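What follows is a single structure, written as structure tokens, with notes after it.
The values are calculated or read from the model by the stated rules, or taken from the named source; none is laboratory data. Since the structure is predicted, the reported quantities are computational estimates derived from the model, not experimental observations. Using ideal geometry, Cβ is built from the backbone for each residue, glycine included, and neighbour counts are taken over all protein chains shown.
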Protein chains: 2
Amino acid sequence: MQIGDLPTPALVLDKARMLNNINRMTAKADGLGVALRPHLKTAKSAAVAALATDERRYGITVSTLKEAEYFADHGFLDITYAVGIVPGKLNQAAALLARGVDLKIITDCPSVAAAVAAHGAPFALLAEIDCGDHRAGVQADGDELPAIGAAMQGAAAAKLSGVLTHAGHSYGVNSVAEIEAIAKAERAAAVLAADRLRAAGHAVTTVSAGSTPTALHMKDATGLTELRAGVYVFFDLDQQSRGVCAEDDIAVSVLASVIGHNKTAGKILLDSGGLALSKDIGANAFRPEVGYGEVCDPETAEPMGGLYVSSVSQEHGHVKVADPAAYDRLPVGSKVRILPNHACMTAAAYDCYHVLNGAAVAETWDRVNGW
Amino acid sequence: MQIGDLPTPALVLDKARMLNNINRMTAKADGLGVALRPHLKTAKSAAVAALATDERRYGITVSTLKEAEYFADHGFLDITYAVGIVPGKLNQAAALLARGVDLKIITDCPSVAAAVAAHGAPFALLAEIDCGDHRAGVQADGDELPAIGAAMQGAAAAKLSGVLTHAGHSYGVNSVAEIEAIAKAERAAAVLAADRLRAAGHAVTTVSAGSTPTALHMKDATGLTELRAGVYVFFDLDQQSRGVCAEDDIAVSVLASVIGHNKTAGKILLDSGGLALSKDIGANAFRPEVGYGEVCDPETAEPMGGLYVSSVSQEHGHVKVADPAAYDRLPVGSKVRILPNHACMTAAAYDCYHVLNGAAVAETWDRVNGW
């Protein structure tokens, strides 16, 4: 089967590009002398996870307990669930421990740490540190970190085994110098927090950091034990717009059909709208022209030049036409590929990847979605 | 099971509110003397479709052929697929005809009409009309409409059986006067186009119009045969912000857990982010404060007063805190309900509805997603 034979919309994956991206990040982690723990929230696919871990099924990161269960089903037994746990999810997490998964859970809340300690299961808890992103996490030098440590001191079976931080603010800049500065602060926060916990008597074995931008631009990982990064396996316009990858590194795209020409309104209509592409427009911060995605040749994935998904409704993508030659280039019924703003968000609308070898559809890989 | 027992994030549906919304639209169509053909792109659920059609499984509208197949599996045999068809999808559509579905397909393109005519299957084709939304559709008074008619003249089995228009621009205004004006133009465009096709010898039996706002504010449906509307079954902040419904009409919401307090950054963190809520912020055009959703009491769904999901990442929702009393009101581990911007986009992340009778979870209803 060739890509042109697929029904639309469809999620397609260029395997050669993905392997190149995986090799780049693996080499970077090797060079820094730290482990790589790929974040599978992007791919949500056991096939991708196996390639991202060199077929050895070493440690991975997930964003939901459903992902943890799916990857455990596929033989991944060293998993960090990197979203703050709540007491109501501890039984589900304990069930993963009971089936042999080395599951790490995280919190930034002393009362949750107390619930983890009191539960009775042998949880490995990581304290989440805010290194400047101001999403989740306690301050590395603040009072909440020792409070989490204190809450875990009396645990019969659970242990506080480390710290984890995420420099999500590295997505908000687009110069190497800024990313490098964030990477430095990220490492410093994680190492400081780890040192404080060690000084309080905790056996810290995990010091985890790394977003895709900071991992790729990190110069010194001293004191870290691992890097977590996810979107690098696919990359997207978001990352390209921040200078983290080239456009031809983007491995995942949406195959769409042209379903109409509204020449009065100056637009080409596609069958890929807000559901097929997602409404994420993160790349627009630095590349405002890309809208909801960049229109490319269906076979080569080369950008067609100045054609973007300018607006979306649920099942319609609108491509603004400046040069009427575009109507002849893209007749109704023809196909295009759309590079997404944010691979994680776009891929989540699909239950599988159509894996390309050139223009041939070589395989189909499943995904786990939902909660 | 009570709502508080559900794992989070979860999609919950207040059945009483939904039935009230359904009754309102049904009464409106009855009053106008036209049929109602509910658009199931919102609910994507056979259980909802049955209630929206008074258990008689009369005509419905869908946005994908996968939806058409799902609803046909559930006994719905009169279906309009209201997104422009392409030649590459005609075999899939013909298979629905072959299994007894009275399927209507649409196009705004003469070359597609020619492909429909040449295919050989007894398709019922509707010409899509642009009544001012400038998404898809030909002009009611333009040259493309007769060209579609001409392309269908020689069809052996297929027929051009009517016209369809969608006043999506009614979502862009927020006064009854503006919506009424759009509803008037919508009807006028559909009726003009139908008259022109009849004059050219086509047996027009379908004259289809109606978005949720225009259907609810239409004063005269003369010449229309049916109203299509979808989001009214659930409503959302988008519709509420345009004055189309009240906040306590919104029937669908997301149950979320509080997973952290980042007091340094002044925010409460939820386990419901861009995937669980979608990145649609349509309501912000008229209610900029709502962000990605409004935070409500988990049991009563009453707004908690000034708490909104101010930003999202993939699995995190950030609630900006102005009054620190919110931390005490919403301890880590507690639950909230989030009213969504756009019910269609939010619901699409879930494979089922947890159907509430008050605070009790009475049933679980499936959904069809993807393509």
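Here is how the numbers come out for the structure above:
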{"item": "Search result, residues across the stretch B:17-64 that are assigned to a helix (DSSP H, G or I), small (Gly, Ala, Ser) and out of contact with any strand residue (DSSP E or B) (no Cβ under 7 Å at 6 or more places or on another chain)", "result": "B:Ala27, B:Gly31, B:Ala46, B:Ala50, B:Ala52"}
{"item": "Matching option when the condition is aliphatic (A, V, I, L, M), in a loop (DSSP other than H, G, I, E, B) and touching a helix residue (DSSP H, G or I) at 6+ places or on another chain (Cβ under 7 Å), among B:Val332, B:Val309, B:Val254", "result": "B:Val332"}
{"item": "Residue count, the stretch B:65-80 (criterion: outside any loop (DSSP other than H, G, I, E, B) and either modelled with pLDDT under 95 or of a type outside the set (A, V, I, L, M, F, W, C) (or both))", "result": "7"}
{"item": "Test: residue in the stretch B:139-155 that is under 25 Å from B:Ala283 (Cβ atoms) and either in contact (Cβ under 8 Å) with a residue 60 or more places away in the chain or crowded, with 19+ Cβ neighbours inside 10 Å (or both)", "result": "no"}
{"item": "Tally, over the stretch A:65-80, of residues that are buried (at least 23 other Cβ atoms within 10 Å of the Cβ) and hydroxyl-bearing (Ser, Thr, Tyr)", "result": "1"}
{"item": "Some residue of the stretch B:225-236 being crowded, with 24+ Cβ neighbours inside 10 Å, away from chain A (no Cβ under 14 Å) and over 23 Å from B:Ala301 (Cβ atoms)", "result": "yes"}
{"item": "Among the candidates A:Ala124, A:Ala118, A:Ala136, residue that is farther than 24 Å from A:Arg57 by Cα and more than 8 Å from every other protein chain (Cβ to nearest Cβ)", "result": "A:Ala118"}
{"item": "Residues located in the stretch B:301-315, provided they are more than 30 Å from A:Gly230 (Cβ to Cβ) and more than 25 Å from the chain's Cα centre (by Cα)", "result": "B:Met304, B:Gly305, B:Gly306"}
{"item": "Count of residues meeting criterion [in contact with a Cys (Cβ under 9 Å, 6 or more places away or on another chain) and assigned to a helix (DSSP H, G or I)] in the stretch B:229-246", "result": "3"}
{"item": "Count - residues of the stretch A:209-220 that are crowded, with 24+ Cβ neighbours inside 10 Å and under 13 Å from A:Ala188 (Cβ atoms)", "result": "3"}
{"item": "Count of residues meeting criterion [over 29 Å from B:Cys352 (Cα atoms), touching a residue at least 24 places away in the same chain (Cβ under 8 Å) and among the hydroxyl-bearing types (Ser, Thr, Tyr)] in the stretch B:261-290", "result": "0"}
{"item": "B:Gly293 vs. criteria closer than 22 Å to A:Asp108 by Cβ and touching a residue at least 24 places away in the same chain (Cβ under 8 Å)", "result": "no"}
{"item": "Pick from the stretch B:81-117, criterion in contact with an Asp or Glu (Cβ under 7 Å, 6 or more places away or on another chain) and part of a strand (DSSP E or B), ranking: surrounded by the most Cβ atoms within 10 Å (Cβ to Cβ)", "result": "B:Thr107"}
{"item": "2 or more residues β-branched (Val, Ile, Thr): qualifying helices (runs of 4 or more DSSP H) within the stretch A:140-228", "result": "A:176-199, A:212-217"}
{"item": "The lone exception for B:Ser253 - which of (1) hydroxyl-bearing (Ser, Thr, Tyr); (2) more than 14 Å from every other protein chain (Cβ to nearest Cβ); (3) over 22 Å from the mean Cα position of the chain (by Cα) it fails", "result": "(3)"}
{"item": "Residues (of a type in the set (Val, Ile, Thr), more than 17 Å from B:Ile281 (Cα to Cα) and touching a Gly at 6+ places or on another chain (Cβ under 8 Å)) located in the stretch B:324-352", "result": "B:Val332"}
{"item": "Flag for A:Ala362 being surrounded by fewer than 20 Cβ atoms within 10 Å (Cβ to Cβ), assigned to a strand (DSSP E or B), away from chain B (no Cβ under 12 Å) and aliphatic (A, V, I, L, M)", "result": "yes"}
{"item": "One residue from B:Tyr327, B:Tyr292, B:Tyr350, B:Tyr308 being touching a His at 6+ places or on another chain (Cβ under 6 Å) and either more than 12 Å from chain A (Cβ to nearest Cβ) or among the aromatic types (Phe, Trp, Tyr) (or both)", "result": "B:Tyr327"}
{"item": "Scan of the stretch A:276-289 for residues that are more than 14 Å from every other protein chain (Cβ to nearest Cβ) and either part of a loop (DSSP other than H, G, I, E, B) or on the phi > 0 side of the Ramachandran plot (or both), ordered by number", "result": "A:Phe286, A:Arg287"}
{"item": "Tabulated pairs, the stretch A:246-260, first farther than 24 Å from A:Lys320 by Cβ, second in a strand (DSSP E or B) and among the hydrophobic types (A, V, I, L, M, F, W, C), C-beta under 7 angstrom, 6+ apart or interchain", "result": "A:Ala251/A:Leu13"}
{"item": "Residue in the stretch B:60-87 that is farthest from B:Asn20 (Cα to Cα), counting only those that are in contact with a Ser or Thr (Cβ under 7 Å, 6 or more places away or on another chain) and more than 10 Å from chain A (Cβ to nearest Cβ)", "result": "B:Thr80"}
{"item": "Any hit, the stretch A:15-25, residues being outside the structural domain of A:Thr300 (by TED's automatic domain parsing) and within 30 Å of B:Asn262 (Cβ to Cβ)", "result": "yes"}
{"item": "Residues of the stretch B:156-184 that turn out to be surrounded by fewer than 20 Cβ atoms within 10 Å (Cβ to Cβ) and either away from every other protein chain (no Cβ under 14 Å) or of a type in the set (A, V, I, L, M, F, W, C) (or both), as a count", "result": "13"}
{"item": "Test: residue in the stretch B:241-248 that is farther than 12 Å from B:Asn341 by Cβ and within 12 Å of chain A (Cβ to nearest Cβ)", "result": "no"}
